[in-house]
Amino acid sequence: MMNNDQLIQFLELLKTDVINSMQANGKDATGQTAKQLTVVEDGANVQLQLPGYMQLLETGRGPTGLNAVAGDPPMIQRIQQWCQAKGIPGKAAWAIKKSIDKKGFKGIPGLLTEPLGEDNINMRLNPVMDSIADDIVEELIKSIG
């Protein structure tokens, strides 16, 4: 069975793949989203946690609906940080927000589904599973010898 160290190693590889995908697709201007990708260990459970809005980077987002709930941090704050990282004047942030509110924005297909897809997961998991198999064989040899 996989131990937490092996799971953490596997999830850290997937985390790196997601960050590389974001960078390759120009979606890591401030680095804040990458910092929010975390591998969390809670007893026997280990998870790769992504901020909820990351799915929007792939799927895009429609116009803001009536009675929309503000994000945390608010969208305007994230846009201001993005503007600063891109060297865009801060006063443009409100215009960008209004445009997103009115029209939404297009996502980048594959941004998450490629690094978190079955092919990549299998590629990253195979060496970990080989290591586990080696550990099991070593334990079996010790127990018989």
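Within the range 131-145, find all residues whose amide N lies under 20 Å from a label point positioned 7 Å from the Cα of Thr16 along Cα-to-beta-carbon.
131-132
When we measure straight from the Cα of Lys91, which aspartates and glutamates land under 20 angstrom away, once same-chain ones fewer than 8 places off are left out?
Partners within reach: Asp101.
Write out the chymotrypsin sites (Phe, Trp or Tyr not before Pro) in the range 1-87 meeting two conditions: DSSP loop, and at most 16 other Cβ atoms within 10 Å of their Cβ. Provide the component values of the computation, followed by the final result.
On the way: sites: Phe10, Tyr53, Trp82; in loops: Tyr53.
Answer in residue order: Tyr53.
If you build a Gaussian network model of the chain, linking Cα atoms that sit under 10 Å apart, which residue out of Asn25, Asn122, Asn67 swings the most?
Comparing Asn25, Asn122, Asn67 in a Gaussian network model of the chain, the most mobile one is Asn67.
First measure r as the distance between the Cβ atoms of Ile144 and Asn3, then evaluate 1/(1 + (r/R0)^6) with R0 = 22 Å and state the FRET efficiency to the nearest 0.05. Let's see the in-between values first.
On the way: r = 22 Å, r/R0 = 1.01.
That pair, Ile144 with Asn3, gives E of 0.50.
Please report the relative contact order for the chain, taking Cα pairs under 8 Å with a sequence separation of at least 6, and give it as a percent rounded to a whole number.
On the way: 125 pairs, mean separation 43.9, N = 145.
It rounds to 30 percent for the chain.
Please identify, among Val128, Val69, Val46, the residue showing maximal mean-square fluctuation in a Gaussian network model of the chain using a 10 angstrom Cα cutoff.
Val69
Over the Cα atoms of the chain, compute the convex hull volume and normalise it per residue, giving Å³.
Convex hull volume per residue, Cα atoms: 124 Å³.
How much net charge surrounds Leu116 when only other residues with a Cβ under 13 Å from its Cβ are counted (Lys, Arg +1; Asp, Glu -1)?
Combined, the nearby Lys, Arg, Asp and Glu give -3.
Rounded to the nearest percent, how much of the accessible area of the chain (1.4 Å probe, protein heavy atoms only) is carbon and sulfur?
54
Going by amide H atoms built from the backbone, whose H comes under 5 Å of the H on Gly107, apart from near neighbours?
Gly60, Arg61
So, for the chain, what is the accessible surface per residue at a probe of 1.4 Å, expressed in square angstrom? Could the numbers behind the result be given before it?
Numbers: 9610 Å² over 145 residues.
With the other protein chains kept in place, the chain gives 66 Å² per residue.
With helices defined as uninterrupted DSSP H runs, which ones in the chain have an alpha carbon span along their own long axis of at least 24 Å and mean Kyte-Doolittle hydropathy of at least -0.5? Each step should come with its number before you reach the end.
Working: long enough: 4-24 (29 Å, 0.07); 118-144 (37 Å, -0.09).
Helices meeting the span and hydropathy rule in the chain are 4-24, 118-144.
Of the chain, which part is the longest with no trypsin sites (Lys or Arg not before Pro) in a loop (DSSP not H, G, I, E, B) and with at most 15 other C-beta atoms within 10 angstrom?
Numbers: sites that count: Lys91, Lys106.
Result, exposed sites excluded: 1-90.
With each label point set 7 Å from Cα along the Cα-Cβ vector, what nm distance links Ile136 and Ala68?
5.0
The values are calculated or read from the model by the stated rules, or taken from the named source; none is laboratory data. Please read all numbers here as calculations on a predicted model, not as lab measurements. Neighbour counts are summed over all protein chains in view; Cβ atoms, including those assigned to glycine, are modelled from backbone coordinates with ideal geometry. Remember, those area values only see protein heavy atoms, side chains included, never the ligands or the DNA or RNA. Shrake-Rupley method; radii C 1.70, N 1.55, O 1.52, S 1.80 Å.
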